[in-house]
Amino acid sequence: MDKYSFLNAAHTAYFAELYDQYLVNPDGVEPSWRAFFQGYDFGAEESGLNGEATIAAIPENVLKEFQVVKLIDGYRTRGHLFTKTNPVRERRQYQPTLALENFGLSKADLNEMFDAGSILGLGKSKLSEIIKHLEAIYCDSIGVEYMYIRKPEEIKWIQDWININDNHPSFSSGEKKQLLSKLNEAVSFETFMHSKYVGQKRFSVEGNETLIPGLNFLMEKATEEGVSQFVVGMAHRGRLNVLANIFGKSPENIFSEFDSKEFDEDELFDGDVKYHMGWTAHRESDSGKKVRMDLAPNPSHLETVNAVVEGICRAKLDNELKGNEKEILPILIHGDAAVAGQGVVYEVIQMAQLDGYKVGGTIHIVVNNQVGFTTNYLDARSSTYCTDIGKVTLSPVLHVNADDVEAVCHAFAFALEFRTKFGRDVFIDLLGFRKYGHNEGDEPRFTQPKLYKAIAKHANQRDIYAEKLLAEGIIENGHVKQLEKEYKADLEIGLEASRKHEKTIVTKIMADDWKGYEIGKLKNILEPVDTTYPIEKLDKIAEGITKLPSDKKFIKKIQRIIADRNKRYFDKDFKNYNQLDWGMGELFAYGTLMEEGFNVRISGQDVERGTFSHRHAIVKTEDGGDEINLHNTIGLDGHFDIYNSLLSEYGVVGFDYGYAMASPKTLTIWEAQFGDFSNGAQIMLDQYISAAEDKWKTQNGLVMLLPHGYEFQGSEHSSARMERYLQLCSNHNMIIADCTTPANFYHLLRRQMKWNFRKPLVVFTPKRLLRLPEAVSTKEELVNGSFQEVLDDVSVDKKKITSLVFCTGKFYYDLLEKRTELGREDVALVRVEQLFPLPQKQLEEIIASYPNVSDYVWAQEEPKNMGAWGYMLMNFESVKLRLASRKAYSAPAAGSSTRSKARHYKVIDSVFNTSKK
Ligand SMILES: Cc1ncc(C[n+]2csc(CCOP(=O)(O)OP(=O)(O)O)c2C)c(N)n1
């Protein structure tokens, strides 16, 4: 008997279904069937020997069923390549096509009935019916990519969803009219602006106007499903339209920005171009639910805002939303060229499922106008689609023809429901075109003459839809004209009103979260802040964080480290009693702030232990089963979250910046592995950290800890590039510090939260000092002290001093060592612990207290063209400083440790060698 005689015709439906299951999830079918299907596939594709034998043995009608299942699978995996999604040009041709012949079928089979139809919920059907159904689902205005997903339940859910009504929406007449009305707003806004602000850049959304009804539909539907907050990040394209028609920013306000009048504000606010501004709106949905919408401000730098938006959402989740991901929806709106080209997109997407960064899924919308400035998509990416990055997280991607507003809304509905169900990212590729050049004054035909010939003839998306509704008898002639008239009349009123303003109306975002916080002025920054803390409470915290739980087992080394902390604090007989090291100073800052009700979040590479093993904020039990954050076990008010990050700087700094933007009550810290790597996040520094307050009047208390210091490890791992940070400083935009004692670091961190304003704080943190016996502080210094911007040399007889040396950070200890070795009583070492804002007055007072100085020195371990020298030269004119440093180099340090040491000691010698004056 033939091996496959059991495959009789009566069971074809069963085989078809089984084969379908195998195609979706090979491991899900019973092994002997799997082997059988593998043989069949092999035969069908490769004409391999075993496969051929298998095929030859399968009865003809069963074989045909398999071929139909293969065809169905072909539509599922490749259907998106053959859609009608491009409104203005033919799609590229992909091979092989979905032609019948490519699946061993022919036209003669079209009228045959196949059980495989049951896989699609059609029951036994004619092949022609099956294909019609598949064409409608996969090859009309929406292309669906999802077969790379590895979870069968997600695939099944998607297939069921798109199977309904052949993946087409069924809107009521009322809903259709509502879509048209929203489309009219999108179109009329642009035409109004075009006539009133001729030639002014506004980055019109024309060619993708359906974004507006799509977003409106998405938000209304999301609100129905329990979302109460939206956080949106988007670039220039269509931003003003979104602000007007989605966020409800008043035309009066928008036009006031267009007229570019002066600001009625203080000197610390220079403003930004109108298509970068953020906005917060409190609106009521159509169903009467209250929602909050935040549009994050963003710089020109494309895609950078993604990270910030995710951070904002996570902060809201960690605090007011108590982790309920269904209450908040992050929406990122990308450009097609930018989403394909900017690396930060990858960094942010990699965060999607990570403990420290996840937000329950993001809806990504690409406003795909097929051009990036002047660059054609063929030059802009190697990937098939601009959205292919979505496959990294196995996110479904829907490509949708932007001319078909109903399909657009349908795709948005899918995105929302998938995100709600699985808490994962979804991508919508909204495929339209760009009516004008990159901006409205730009000639697109220089570079895309053919495309723009087609675009010139193409109707706008409102008119396309109006025609459809007219044909369906839903609207009458003149309906659109009336809509346009009414909408433009409102814009006219706004325009009139805006012209009466002498100043631009200043946009405020996230004002609710920042009630009670004032923008920090220089005067406040340099005033002392009370960061003292009662000893009894400190003792209690010490008890909690210097003892491991007795019912759990830990490795010996961690037991020793925590016990050492305990003895340093409590054991009067211990040789290091009351010598609190750097890690302790830091951990006490967190504990005391938590007790006072603040939260702490730290993220960065390997921060839980600390790159240099000084922190151990998370301790793991010996079997690795438990992770304990001692700070969270002792009943303090605030919570302490610390996360080892993915290996990213740009994305993670952006995320934590966003986090700090939405949570003034959380001490938000990002730590670099070594400070050198922070330049990977340079855009965040230049565009946000140093400039945001000035551009957008937003506050941000992000702390950056940047390990820095010359310890002869090569050109990297030495310098966090202090000079770069100092160059960005002006108008008290941030704080730059380089502390030398645990107590001062402790007070610096506490001061950061005690202020009633927030400023970014950049701290150059030590490596050697983490364990240096001299770099310790006492309990009393934590309890009674305060942050010292400058540490005068208290060990000297000031009258004897002829050489007054200023330095910062760890280099102080190198100099101190040498001074001790030389026994020099004529040299004083003054530590500038806060470099910006520079404590000028305090420095001058210190200078005045040394009566006999003839040699003022700035000493730094960095080369002359790096470190703080240039900054000191520019900002400190009270005395003429002599420089003691390496000479100028292009790399921060030599690769050879011998050479690096020689240079280092030469600098130290030059500090004490006054003949080199
Ligand atoms: C990081 C970055 N590099 C370069 C630019 C300059 N630039 C502005 S818009 C643009 C093209 C963007 O194309 P796309 O992402 O498709 O958006 P579109 O303008 O077409 O909507 C470029 C290159 C920028 N703004 N940001």
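The values are calculated or read from the model by the stated rules, or taken from the named source; none is laboratory data. This one's a predicted model, so the numbers in the text were calculated from it and none came from an experiment. All Cβ positions, even for glycine, are placed from backbone atoms using ideal geometry, and neighbour counts span all protein chains on display.
Brief remarks on what is shown
- Members of segment 228-242 found to be within 16 Å of the ligand (Cβ to nearest atom) and outside any loop (DSSP other than H, G, I, E, B), listed by number: V232, G233, M234, R239, L240, N241, V242
- The listed residue being surrounded by fewer than 24 Cβ atoms within 10 Å (Cβ to Cβ) and either assigned to a loop (DSSP other than H, G, I, E, B) or within 16 Å of the ligand (Cβ to nearest atom) (or both), out of K322, K326: K322
- Counting only residues that are surrounded by fewer than 18 Cβ atoms within 10 Å (Cβ to Cβ) and more than 16 Å from L804 (Cβ to Cβ), segment 850-870 holds 3 of them.
- Looking only at segment 630-660, and only at residues there that are within 13 Å of the chain's Cα centre (by Cα) and part of a loop (DSSP other than H, G, I, E, B), the one that is nearest to I683 (Cα to Cα): E649
- Residue match in segment 346-359 (condition: touching a strand residue (DSSP E or B) at 6+ places or on another chain (Cβ under 6 Å) and more than 16 Å from the ligand (Cβ to nearest atom)): yes
- Yes/no for G372 being touching a Gly at 6+ places or on another chain (Cβ under 8 Å) and surrounded by fewer than 18 Cβ atoms within 10 Å (Cβ to Cβ): no
- Set side by side, the residues E225, E206 differ, and just one is charged (D, E, K, R), surrounded by fewer than 21 Cβ atoms within 10 Å (Cβ to Cβ), touching a residue at least 12 places away in the same chain (Cβ under 8 Å) and out of contact with any Leu (no Cβ under 6 Å at 6 or more places or on another chain), which is E225.
- Any hit, segment 370-382, residues being farther than 17 Å from R237 by Cα and more than 14 Å from the ligand (Cβ to nearest atom): yes
- Members of segment 663-680 that are more than 16 Å from the chain's Cα centre (by Cα), part of a helix (DSSP H, G or I) and either surrounded by 24 or more Cβ atoms within 10 Å (Cβ to Cβ) or aromatic (F, W, Y) (or both): G675, F677
- Within segment 871-917, the set of residues being surrounded by 12 or more Cβ atoms within 10 Å (Cβ to Cβ), hydrophobic (A, V, I, L, M, F, W, C) and touching a Lys or Arg at 6+ places or on another chain (Cβ under 7 Å) comprises L883, A894, V907, I908, F912.
- Residue in segment 614-628 that is free of Cβ contacts under 8 Å to residues at least 24 places away in the same chain and in a loop (DSSP other than H, G, I, E, B) present: yes
- Where D336 falls short, out of the listed (1) among the acidic types (D, E); (2) away from the ligand (no atom under 16 Å from the Cβ); (3) closer than 30 Å to E220 by Cβ: (2)
- Neighbours by Cβ (under 8 Å, 6+ apart or cross-chain): first from segment 492-521, assigned to a loop (DSSP other than H, G, I, E, B); second among the aromatic types (F, W, Y) and surrounded by fewer than 16 Cβ atoms within 10 Å (Cβ to Cβ): K503/F263; V506/F263
Okay, residues lined up against (1) closer than 30 Å to F757 by Cβ; (2) touching a strand residue (DSSP E or B) at 6+ places or on another chain (Cβ under 7 Å):
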residue: K575; (1), (2): no, no
residue: E622; (1), (2): no, no
residue: V652; (1), (2): yes, yes
residue: Y657; (1), (2): yes, no
residue: A662; (1), (2): yes, no
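- Test: residue in segment 76-92 that is of a type in the set (G, A, S), more than 48 Å from the chain's Cα centre (by Cα) and outside any loop (DSSP other than H, G, I, E, B): no
- Scanning segment 739-763 for residues that are more than 16 Å from K665 (Cα to Cα) and in contact with a helix residue (DSSP H, G or I) (Cβ under 6 Å, 6 or more places away or on another chain) returns C739, T740, P742, A743, F745, Y746, V762.
- For segment 54-95, residues that are more than 30 Å from K435 (Cα to Cα), of a type outside the set (A, V, I, L, M, F, W, C) and without any contact (Cβ under 8 Å) to a residue 12 or more places away in the chain total 2.
- Within segment 391-407, the set of residues being out of contact with any Asp or Glu (no Cβ under 7 Å at 6 or more places or on another chain) and either within 16 Å of the ligand (Cβ to nearest atom) or modelled with pLDDT under 95 (or both) comprises just one member, A402.
- So E206, is it within 16 Å of the ligand (Cβ to nearest atom), part of a loop (DSSP other than H, G, I, E, B), over 26 Å from G288 (Cα atoms) and more than 25 Å from the chain's Cα centre (by Cα): yes
- Some residue of segment 690-713 being over 25 Å from R601 (Cα atoms), away from the ligand (no atom under 16 Å from the Cβ) and in a helix (DSSP H, G or I): yes
- Scanning segment 360-369 for residues that are more than 16 Å from the ligand (Cβ to nearest atom) and under 28 Å from F433 (Cα atoms) returns G361, T362, I363.
- Set side by side, the residues D115, D140, D166 differ, and just one is at positive phi, surrounded by 13 or more Cβ atoms within 10 Å (Cβ to Cβ) and of a type outside the set (A, V, I, L, M, F, W, C), which is D166.
- Subset tally (residues that are over 25 Å from the mean Cα position of the chain (by Cα) and buried (at least 20 other Cβ atoms within 10 Å of the Cβ)) for segment 592-629: 7
- Whenever a residue of segment 679-704 is under 22 Å from E716 (Cα atoms), its partners that are among the basic types (K, R) and away from the ligand (no atom under 16 Å from the Cβ), lying with C-beta atoms within less than 9 angstrom and at least six residues away or across chains, give the pairs N679/R721; N679/R724; Q682/R724; L685/R724.
- The condition of being β-branched (V, I, T) and touching a helix residue (DSSP H, G or I) at 6+ places or on another chain (Cβ under 6 Å) holds for only one of V600, V607, that being V600.
- Among the residues of segment 434-462, the ones that are crowded, with 16+ Cβ neighbours inside 10 Å, acidic (D, E) and away from the ligand (no atom under 14 Å from the Cβ) come to 0 in all.
- From R314, R283, residue being more than 16 Å from the ligand (Cβ to nearest atom), out of contact with any Ser or Thr (no Cβ under 6 Å at 6 or more places or on another chain), assigned to a strand (DSSP E or B) and not aliphatic (A, V, I, L, M): R283
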